[in-house]
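Have a look at the structure below before the remarks.
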Amino acid sequence: MAIVEFSGVTKRFRNTVALRDASFTIPERSITAFLGPNGAGKTTSMKLIMGFLRPTKGKLTVFGEDPFRSEEVRKRIGFMPERPVYPMDLPVEDFLEHLARLRKVGKTDLNRLVRLVGLEKVLDTKIGDLSRGYIQRVGIAQSLLGDPELLVLDEPTANLDPTSRREILELLKLLHKELGVSMIISSHIIPELQEVSSYCVFIDKGLVLDYGYLGDLWKKYITEAVFIIETRDINALARILIEKPYIKLVKKVDKSLLEVAVEPGYYKSFEGLLSELGQIVTGFSFKTASLGDLYGKIVGSRS
């Protein structure tokens with residue numbers, strides 16, 4: 001089920017077209033990456049979803065309604081902007097308790113959220129004395145107050161050191177697993193998006209180039225698919241696979257894993273073969289190329 005739908009959406013600011021005839025959908029319970037360079041239209045798309053902006057042309061719905069007109073829709077969305085502003089002299093606990101009262105969130109729910117986001121040890125610390133990584137945790141906690149169904153995060157790892165970036169990415173994966181909340185994440189750091197996202201919208205110069213589940217997009221644009229096969233009998237499976245003309249590579253990874261490259265157009269045939277070999281194949285996964293490679297292929301296909 002789609003929770004966000006853009007249909008021919010254009011957003012113009014005077015003489016600048018920030019988004020041009022954009023059409024895409026975002027499914028529920030996904031972690032969706034908005035991928036594109038600075039100025040591509042990612043933040044504009046997010047502000048439209050939040051109801052902060054109104055399309056110049058086209059139709060946009062979130063949870064089936066117009067977010068610009070529906071306050072109820074906006075209540076179902078949590079948002080953390082790229083450059084949030086906080087009262088730096090206020091302790092973390094006072095700040096979150098104030099917001100919780102405004103949003104009618106009880107003490108029990110607030111304490112649970114504090115533990116989940118990892119802020120227990122800094123509740124008495126003034127926000128201005130926190131590290132950048134903990135300030136981001138405060139922002140994530142703020143966006144989660146009220147149990148939103150959709151979380152919109154604009155550059156959540158911006159200006160963080162490598163250790164803090166890793167911690168925030170792991171936190172986002174944990175929140176998605178524990179809360180089941182859908183997420184839209186914008187970033188220009190491609191490897192980070194690859195770690196957390198399962199769905200992607202590719203944007204460049206205000207144009208949506210393509211969108212969809214990453215596995216489907218890789219199969220569409222990358223010239224070969226690489227699978228990792230788990231097996232009970234690696235030698236027997238290797239002998240079977242090397243006889244298939246559409247298989248380009250069979251490589252042992254360890255005593256129970258094979259890496260197999262399959263020619264384009266044969267993915268379904270190969271997956272069917274693996275199902276038939278269920279007695280010796282215990283599992284398989286699609287090994288992706290890098291998200292950067294995929295982005296390059298999609299941009300190149302529009303040139």
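What is the number of the single condition among (1) more than 26 Å from residue 170 (Cβ to Cβ); (2) touching a residue at least 60 places away in the same chain (Cβ under 8 Å); (3) surrounded by 20 or more Cβ atoms within 10 Å (Cβ to Cβ) that residue 229 does not meet?
All conditions pass for residue 229, except number (2).
Please return the ranges of strands (runs of 3 or more DSSP E) entirely within the stretch 126-225 where 3 or more residues are surrounded by fewer than 18 Cβ atoms within 10 Å (Cβ to Cβ).
Output list reads 207-213.
Out of curiosity, is residue 209 of a type in the set (A, V, I, L, M) and either at positive phi or touching a helix residue (DSSP H, G or I) at 6+ places or on another chain (Cβ under 6 Å) (or both)?
yes
List the pairs whose first member sits in the stretch 148-166 and is in contact (Cβ under 8 Å) with a residue 60 or more places away in the chain and at positive phi, whose second member is outside any helix (DSSP H, G or I) and open to solvent by 10 Å² or more (accessible area, probe 1.4 Å), and whose Cβ atoms are under 9 Å apart, counting only residues at least 6 apart or on separate chains?
155/81; 155/82; 155/83; 155/188; 155/189
Of these, 237, 241, 277, which one is surrounded by 13 or more Cβ atoms within 10 Å (Cβ to Cβ), farther than 30 Å from residue 25 by Cβ and without any contact (Cβ under 8 Å) to a residue 40 or more places away in the chain?
241
Considering each of 58, 51 in turn, give the residue that is over 20 Å from residue 164 (Cβ atoms) and open to solvent by less than 20 Å² (accessible area, probe 1.4 Å).
Answer to the check: 51.
Looking at (1) open to solvent by less than 60 Å² (accessible area, probe 1.4 Å); (2) on the phi < 0 side of the Ramachandran plot; (3) not hydroxyl-bearing (Ser, Thr, Tyr), find the lone condition where residue 89 falls short.
Against the list (1) open to solvent by less than 60 Å² (accessible area, probe 1.4 Å); (2) on the phi < 0 side of the Ramachandran plot; (3) not hydroxyl-bearing (Ser, Thr, Tyr), residue 89 comes up short only on (1).
Identify, please: which residue in the stretch 244-274 is open to solvent by 30 Å² or more (accessible area, probe 1.4 Å) and among the β-branched types (Val, Ile, Thr) and is, among those, farthest from residue 216 (Cα to Cα)?
Filtering first and then ranking leaves 253.
Could you please find all residues in the stretch 61-83 being within 16 Å of the chain's Cα centre (by Cα) and open to solvent by less than 10 Å² (accessible area, probe 1.4 Å)?
Result: 78, 80.
Hey, could you check the stretch 280-302 for residues that are assigned to a loop (DSSP other than H, G, I, E, B) and farther than 13 Å from residue 218 by Cα and say which is most open to solvent (accessible area, probe 1.4 Å)?
Among those that are assigned to a loop (DSSP other than H, G, I, E, B) and farther than 13 Å from residue 218 by Cα, it is 302.
Results for (1) under 15 Å from the mean Cα position of the chain (by Cα); (2) of a type outside the set (A, V, I, L, M, F, W, C); (3) modelled with pLDDT under 90, shown as yes or no for each residue.
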| residue | (1), (2), (3) |
| --- | --- |
| 123 | no, no, no |
| 136 | no, yes, no |
| 151 | yes, no, no |
| 157 | yes, yes, yes |
| 167 | no, yes, no |
| 183 | yes, no, no |
| 231 | no, yes, no |
| 237 | no, no, no |
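Just one of (1) open to solvent by 10 Å² or more (accessible area, probe 1.4 Å); (2) under 14 Å from residue 206 (Cα atoms); (3) of a type in the set (Ser, Thr, Tyr); (4) modelled with pLDDT of 95 or more trips up residue 43, so point out which.
Of (1) open to solvent by 10 Å² or more (accessible area, probe 1.4 Å); (2) under 14 Å from residue 206 (Cα atoms); (3) of a type in the set (Ser, Thr, Tyr); (4) modelled with pLDDT of 95 or more, only one is false for residue 43: (4).
Does residue 133 satisfy the criteria of being in contact with a Ser or Thr (Cβ under 6 Å, 6 or more places away or on another chain) and in contact (Cβ under 8 Å) with a residue 12 or more places away in the chain?
So residue 133 passes the test.
Determine, yes or no, whether residue 57 is within 20 Å of residue 146 (Cβ to Cβ), touching a residue at least 24 places away in the same chain (Cβ under 8 Å) and not acidic (Asp, Glu).
In short, no.
The values are calculated or read from the model by the stated rules, or taken from the named source; none is laboratory data. Quantities reported herein were computed from a predicted structural model and do not represent experimental measurements. Backbone-built Cβ (ideal geometry, glycine too); neighbour counts: all protein chains shown. Ligands, DNA and RNA are excluded from the accessible area calculation, which covers all protein heavy atoms including side chains. Shrake-Rupley method; radii C 1.70, N 1.55, O 1.52, S 1.80 Å.
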